[in-house]
Amino acid sequence: MYKIGFIDEDAGQRNQFRQTFKDDFDVCLIDLKQAITEEEIIREVFDNHLDALIVDYRMDEFLGYNGDLIVRNLTEKNPHFPVIILTSYEEDALDFVDDANIINGKEIWDGESEAELNFFKKKLNRIITNYYEKITDAEEKLKELEAIKNDGGLQPNEEDEYIKVNNFLGKVFGGGEYLSGTFYSVDTNKKLDSLIEKTEQLLNKLSKNNESV
């Protein structure tokens, strides 16, 4: 069972969300207090080891900012993390959220359409599953490329893929690159060596010119 977080300034809405989703997900209600910053909220998201986050949009009267700011800060840290906006103000949210696909209306849980609610639950499960499948695929690909690199070196297309996979996992887990602290191809190293040599020559030349003045 996936663990999902829900953010809404209204206690009634939080309780309704728990009752609606508790049989299908491990629900974590993030308790909001006035003056809590979006950075503190995101810290709670990661500290609680959530698999996805569902955020209300209109919260500015209570928090001083809306859900789009939480989404923006979260996706800056991990652009692949599953996040959904659940709101009664879908049109307002469209003006401030880059990805319109993450915006959903709260009417899905009003009890009028069980089929619509079940579809949303299935969609949320699929989004989270896809997220973890991508991570697993990337980890396996990285191991494969690491073996090739250690066995004789990567081809240019493999180097590009290696860097791409590293960057993806780095964003997912934080801290930049995932396994290799630094990766350069042989050709890149040669170019760097050449640049360093030319820089040293230029510095030596400048030093001699200064001495002769």
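Coordinate-derived values only; no laboratory data. Note that this is a predicted model, so its numbers are computed, not measured. Quick reminder, even Gly has a Cβ in these numbers, built from the backbone with ideal geometry, and neighbours come from all protein chains shown.
Working out 0.36 nm times the residue gap between Lys122 and Asn101, then minus their Cα-Cα distance, what length gain in nm do you get to one decimal?
Values: separation 21, 0.36 × 21 = 7.56 nm, distance 1.55 nm.
The Lys122-Asn101 span can extend by a further 6.0 nm.
Need one number: nm distance between label points at Asp47 and Asp60, each 7 Å from Cα along Cα→Cβ, rounded to one decimal.
Each label point is offset 7 Å from its Cα along the Cβ direction, giving 2.8 nm.
Under a plain spin-label model, where a point goes 7 Å from the Cα along Cα-to-Cβ, how far apart in nm are Ser113 and Ser88?
1.8 nm
State to the nearest 20 debye the size of the charge dipole of segment 25-183 about its Cα centre, where the only charges are +1 on K and R beta carbons and -1 on D and E beta carbons.
Working: 16 positive and 36 negative charges, 78 e Å.
Dipole about the Cα centre, nearest 20: 380 debye.
Using just the alpha carbons, could you tell me how many Å³ per residue the convex hull of segment 74-135 encloses? Intermediate values should be presented prior to the final figure.
Values: hull volume 5.0 nm³, N = 62.
Expressed per residue, the convex hull around the Cα atoms of segment 74-135 is 81 Å³.
Give the peptides 5-13, 114-122 in descending order of average Cβ contacts within 10 Å, highest first. Please report the intermediate quantities before stating the final value.
Values: 5-13: 18.2, 114-122: 13.0.
Going from most to least packed, we get 5-13, 114-122.
So if I take the centroid of the Cα atoms in segment 1-63 and the same for segment 95-130, what is the distance between those two points in Å?
The two parts, judged by their Cα centres, are 15 Å apart.
If packing is taken as the average number of other Cβ atoms within 10 Å across a peptide's residues, how do 167-173, 98-104, 48-54, 139-145 rank, most packed first?
Working: 167-173: 17.0, 98-104: 13.4, 48-54: 18.9, 139-145: 15.4.
My ranking of the peptides, most packed first, is 48-54, 167-173, 139-145, 98-104.
Measure off 7 Å from each Cα along the Cα-to-Cβ vector at Ile135 and His80, then give the distance between these two points in nanometres to one decimal.
A separation of 0.9 nm, rounded to one decimal place.
Would you kindly state how much longer the chain becomes between Lys3 and Asn73 on full extension, computed as 0.36 nm times their sequence separation minus their alpha carbon distance, in nm to one decimal? Walk me through the numbers before you get to the answer.
Working: separation 70, 0.36 × 70 = 25.20 nm, distance 2.03 nm.
Gain in length upon complete extension: 23.2 nm.
So if each residue of separation counts as 0.36 nm, and I subtract the Cα-Cα distance between Lys164 and Gln16, what length gain in nm does that give? Don't jump to the answer; show the numbers that get you there.
Values: separation 148, 0.36 × 148 = 53.28 nm, distance 4.13 nm.
Additional length available on full extension: 49.1 nm.
Summing Lys, Arg as +1 and Asp, Glu as -1, what charge do residues with Cβ under 11 Å from the Cβ of Val27 carry, Val27 excluded? Mind showing how you got there, number by number?
Details: positive: Lys3, Arg14, Arg18, Lys22; negative: Asp23, Asp24, Asp26.
Here the count lands on +1.
Could you give the alpha-carbon Rg of segment 17-129 over 2.2 N^0.38 Å, rounded to two decimals?
On the way: Rg = 13.7 Å, N = 113, 2.2 N^0.38 = 13.3 Å.
Cα-based Rg divided by the globular estimate yields 1.03.
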